[in-house]
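Comments concern the structure below.
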Amino acid sequence: MGDNSDNNNNNNNLDLGASATGLGGFSNHGQPPPPTTTTTSSSSGPPPPQTPLSPGDEFDTSPHQMTLQQQQQTPSAAATISSTTITTPAATTAAAAAAANAVNVTARVKRRREEAVRRLVADVQARHKLGVGGGTTTTTATGADGSLVILSNTNNDPTTTTTTSSSSTNITTTMSAAVTSSRESQDWIIASTVAVALERGLDRDLHQELVQEAKENSGRIGQVCHDHSDVFLASVGKVVALGGPSADLANKLRTAQEELELKTAGPMQHSAMLWEEATASHARARALHIMVQGCQKVAIQLEKARRQAALGRPRGALEAVDEARTALTAPMSSLFYGKQMEHANEILKDAAKKKLEEEKKDDGPAGTSANNGKGIMSLEETPFGRRASLMLPKIENEVLMGARRGLNRWFLSLRSGGDGAKAGSAVLRRCAHSLAVGPGNLGLGGHMPPAYLWRAKVCDNLISRMNQNGRVVRSVRSGYWFERDAPKEAQRLESTCPPGMERRAEAFASAFGWYRCWDENVSLLVDPSDFKSAPDDMGRGLGGSRHGLGGSRHGKGRSLGFRAKTGKGGMETMTSSATGVAGKQMRGDGDKSKWAALLTPATLFDNVPTKDEDDATFLGLAESVHPVRRAEIAFKLLGKAEEFVQYYEQNRFGDVKIGNKDDEKNEMRSSLSSLTGDDVSVGTDRIFFAKSLPHLCASVVGFSAVEAALELGHFVDEDDLEKDKGADPTGKPAVATLFRESSEKYERSLVTELGNLLRRRAVGANLSELVRSSCLMAAFRSALKIVHPSSTTRRFDKELLAMDVDILMTALKVAQDEQLKATTTIVQADRKEPLLAPFTNSGKKEGNIPDPEEMGLPFGLSDLKQTKRGDNLGQSATSFRSATSAGGGNKEEDDYLTFSQSVPLVVRSIHARAIACASFALSQEELGQSFLQKKGSGSACYVLDCVEECVNVAAVGMKDAENTTDEGNIDKAVQVMANVAALQHSLPRLFGTLMRGMCHVGMIRSDQLAETFQYAEATLKGADKACDNQVGSMYSLVYEICRNKIDAHLNYALDGFSWVQKSARDMPNAYCEGLIGYMRSVFESLGPMDDGSRAGLHFSCCGHVSERLVFILCERPLDESSKSDGTLAPISKIDAFGLKNMSKDVEEFKNFASSTGVPQLADTFEELKSITDAMLDPELPTLLRPEHAEARKRKYPYLSLEKVGNILEKYVGAGGMSIMGGRKAQEDMLVLDKKDVLALLNLVRSYL
């Protein structure tokens, strides 16, 4: 601020010299007045009163000096003048200069100038006091040196002081820190400029210039007037000369007007009135014609609407109604067009006015019209229009009623007529056929033979790469050769059944080796209804038959005859099974094979009676939804779309109450019952799986198909075809239904209820029903995916339909229970007699090609033959005797197998049930079922577990089918044991066949094959162990029966038997012969047993006989009180001849044991023989001496001194014999008297 102030002072300092004009003239003749201070501040109130000047402050004629200091403005912002300082010069020098200049100024000029300056200063001060500048205060004071000091304060804060000295005449101005507005700054600038100009005398020069210019302008005006005066006067003369012609023209015009009014206007007016009347008449006629045409158009549209409504075309009917309503409500002005129709509307208005006046006259003031005389606005106001307006709602109502009737008929046809179920059956059938045929016709039910051969070859290659260490892996290749068996099976499939589900079922069974092992006409023994036919089915397709001699062992000629008959039948069976011709001829056109009927629901076959009708219903499904579209269009055109949605959902997506109506707690709401019209909670499980479940699945699929047809928008209205002829209706976009969300919600509820219902019913189902239902549900899920893929329910089908883990366990338990029932039924009908071995043509074996499976006796059952030969004594010659004989056995007499007729049937039932479980597991896997986490394929492991459990319960059933603990049932017990062993023998090849089948049908992937075979080995071990347990149990049972019989025989024969005999016998005792005879018969019945069990039973029986005889001979006699009923008591008395006869019995027992051919069997009687021989040895007294103990042990190793002592206690001595060289009765026997007995007894006791 200091720099700017200096510059301004330098630029704005004005040297007034000896000017006579001053801003502060004083009356005291040059003496400086006392200091005077004037303070001006701005406030919000009115300006304060101006302080009057003191007597010494008035202006006088003395010359004074006036200085105005102005703060210049910067270009960016207007500068604020903060203070103005007026300084009067000092005494002498300034006064002299002013006096010199005042001579030229008159007193008048001075006075005017002083007054002007005073007014200017007062105005500026008054403006400053009004508060334009904000809170700024200016203080003016006179210093001691005669200078005028102005103090400026903003907001009562002094910031700058400006002082002007008279000697230097410099004006110093300092800018205020508080900047006021721009307008105030401009006012200060103007005031200061005017003050300076007045002081310098600039107003005088300006006045002179103005006066001079005014004089010059007046001279110019006078010259212009003088130059143009002649032209103006000439123009005025010409105007005056035109007055006469104008009067003549006015007279002529007046005359012409009179002529026009009297002679021309009258006729023209009359003609115009006639024209107007003609025009009005024509306009009225045209208006009437147009109104008649409008009424005719309305009538035509009404008739068209009625006809379209009667034909069930809502769009055409409602369009005609809309056109009629449009014609009725259209303004009358829209009907008139052209120049001739200009007055028609006016005519109608005039007619309305006249009618209104007539109504007023008739009805008084109250009779006013609605249009207030504006005319007929539309046809609706005419009588015809009012009648037509009443008909329009009736036609619309008729359209709605027709749409409702069509919709109700459609609902009724879907529910009661079964159109939805028929369409669903067609879809299920087609989807199942596609699944069976597979992509490229390479499925199980596809083109034969390539499809079957390709799968069989892949399976054979995978198995050939496996490590051959396991039993199952080695058994897989037994009985199967690809080049021999696969083409035969493929040819049979091609000739017996067409492609589709039936061929799929047959191929599935063939892959598991069914037709390589069994005759195609035998029952499967899977369904419980087949159990009753098990007795009649025994012997069919087997080497041994029940009719004829069956299992008889008498007569070699008959045996050969029966074998020839069996061989012939066997050849016929094999031929028919290979070609399939016999099976094809036995079945009718509508009959299905046993496997097709077991694995496939009847509704999925291609030759059902209702196939054509179902297909026709399905193909016409797109056109069958026309009533829905028509009703939807009708309601939508009438603005009642929400009402249509509500009505449709109420009748289509409802549910009903099912269950016991009396019991409210058990009541349920069912969507399936609402869809089908049947109560799904009633009926048995048999009826549900046979009829209800297929019908429910077909109904749900039909519902989805109908909703898909509604969503796809195949509906084509006839009205649209009339409008757009030649257009392609299939190119139209899909129509989104108004109720799609409700439809998807209802569909989800249907699928959920069906899944829950199936899970509840599965508890009471049998295995065949579970298999067929799983196959049906797999086709059902595929059908839903194909027929309605856009539904959001497809994301939840897997969770809603997949049977949980409980269904797997349920199926496994059902399979076990049914296998136990089947085994029990089969075993109870069995006569427990070994089968005759079939005739086999043992040709030369070619290389390593395995022999085919024996039809009816597969899995190595035909190899379980027992050897039998007869001699003169009728004694049994077992395989041990035959093996040691020189010439071997007679081959013609190897006629019997080790098992009875029930074993092939039990194996067949296990085989068939395993195939059924495999089909069930495969269907569950297709449904998305997750099996338990096991090594290898989960579904294959599940089948193996099922087979293991079935084998376990079958072995139990074979053992417990009959009570064989009776004495006379030793043959049956042995046969049961042999049957269980035969079942165990067939397990490896059975497991191998099942593994090949599961690999063939795709249940085992190549990367899971090794682990699955390991799991098969584990399950085979479990099944073997189960059979071993039952075989061991039966062995114990047979031994118990034999032991009880031996004990009973000994008790009976030796009860009261006297061992004190007077002489020696030449032949064994009677009990010995009877016991040997019984054991001979028992040993002869052990032929069905395996070698180890049979030899073990020989040792057990002979050892028990030896043990019992040793007991009665060597034990001390019991007291009468210690004897128990049924137990043979030890011998109380015996003499030398009794011991001699017992020794004879022992020799006979040993001879019998040696005759059985069982090695070392005679050694079981060594202890008894050692005791009897020692007691009859003449050297016994010597051997009993202490010094001969070693010799006694070498000669009689089994001899016990305690037993010798017990015998001596019971020994009855003979008289006349002495131990010291007395006479002997016989040379080879020792006879003791009483003294000798006492002496030996004392000697023996001395050792004890």
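The values are calculated or read from the model by the stated rules, or taken from the named source; none is laboratory data. As the structure is a prediction and not an experimental result, all values here were calculated from the model. With ideal geometry, Cβ positions are generated from the backbone for all residues, glycine too; neighbour counts draw on all protein chains shown. Heads up: the accessible areas ignore ligands, DNA and RNA and are worked out on the full protein's heavy atoms, side chains in. Shrake-Rupley method; radii C 1.70, N 1.55, O 1.52, S 1.80 Å.
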- Being modelled with pLDDT of 90 or more and among the basic types (Lys, Arg) is the filter; apply it to the stretch 1001-1043 and report the residue that is nearest to GLY1096 (Cα to Cα). LYS1025
- Task: Considering (1) open to solvent by less than 10 Å² (accessible area, probe 1.4 Å); (2) within 17 Å of VAL1110 (Cβ to Cβ), say which one CYS1042 fails and leave the rest.
- Result: (2)
- Message: With the condition being within 33 Å of the chain's Cα centre (by Cα) and modelled with pLDDT under 90, I'd like the helices (runs of 4 or more DSSP H) fully within the stretch 418-495 carrying at least 3 qualifying residues.
- Response: 419-437
- Name the one entry in ASP1007, ASP971, ASP945 that is part of a helix (DSSP H, G or I), acidic (Asp, Glu) and over 30 Å from GLU489 (Cα atoms). ASP971
- Task: Keeping to the stretch 598-614, report how many residues are open to solvent by 20 Å² or more (accessible area, probe 1.4 Å) and either on the phi > 0 side of the Ramachandran plot or in contact with a Ser or Thr (Cβ under 9 Å, 6 or more places away or on another chain) (or both).
- Result: 4
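Yes/no per residue for (1) open to solvent by less than 50 Å² (accessible area, probe 1.4 Å); (2) hydrophobic (A, V, I, L, M, F, W, C); (3) part of a helix (DSSP H, G or I); (4) modelled with pLDDT of 90 or more:
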| site | (1), (2), (3), (4) |
| --- | --- |
| SER271 | no, no, yes, no |
| GLU276 | no, no, yes, no |
| THR279 | yes, no, yes, no |
| ALA283 | yes, yes, yes, no |
| ALA287 | yes, yes, yes, no |
| MET291 | yes, yes, yes, no |
| CYS295 | yes, yes, yes, no |
| GLN308 | yes, no, yes, no |
- Scanning the stretch 507-530 residue by residue, those open to solvent by less than 10 Å² (accessible area, probe 1.4 Å) and not in a loop (DSSP other than H, G, I, E, B) turn out to be ALA507, PHE508, ALA509, SER510, ALA511, TRP514, CYS517
- How do the pairs read when you match residues in the stretch 612-624 that are over 17 Å from ARG415 (Cα atoms) with residues anywhere that are not hydrophobic (A, V, I, L, M, F, W, C), using Cβ under 8 Å and keeping only pairs 6 or more apart or on different chains? ALA622/HIS714; GLU623/HIS714
- Message: Of the residues LYS1045, LYS1025, LYS1062, only one is farther than 30 Å from TRP481 by Cβ, in a helix (DSSP H, G or I) and more than 56 Å from the chain's Cα centre (by Cα); which?
- Response: LYS1045
- Look through the stretch 893-924, keep the residues that are among the aromatic types (Phe, Trp, Tyr) and more than 35 Å from the chain's Cα centre (by Cα), and return whichever of them is modelled with the lowest pLDDT. TYR896
- Kindly indicate the residue of the stretch 459-470 that is touching a residue at least 24 places away in the same chain (Cβ under 8 Å) and either out of contact with any helix residue (DSSP H, G or I) (no Cβ under 8 Å at 6 or more places or on another chain) or open to solvent by 30 Å² or more (accessible area, probe 1.4 Å) (or both) and also nearest to ARG484 (Cα to Cα) among those meeting that condition. LEU462
- Query: Can LEU1020 be described as farther than 21 Å from VAL953 by Cα, open to solvent by less than 30 Å² (accessible area, probe 1.4 Å) and either out of contact with any strand residue (DSSP E or B) (no Cβ under 8 Å at 6 or more places or on another chain) or among the hydroxyl-bearing types (Ser, Thr, Tyr) (or both)?
  - Reply: no
- Message: Kindly evaluate LEU1050 against the criterion of being aliphatic (A, V, I, L, M), surrounded by 15 or more Cβ atoms within 10 Å (Cβ to Cβ) and modelled with pLDDT of 90 or more.
- Response: no
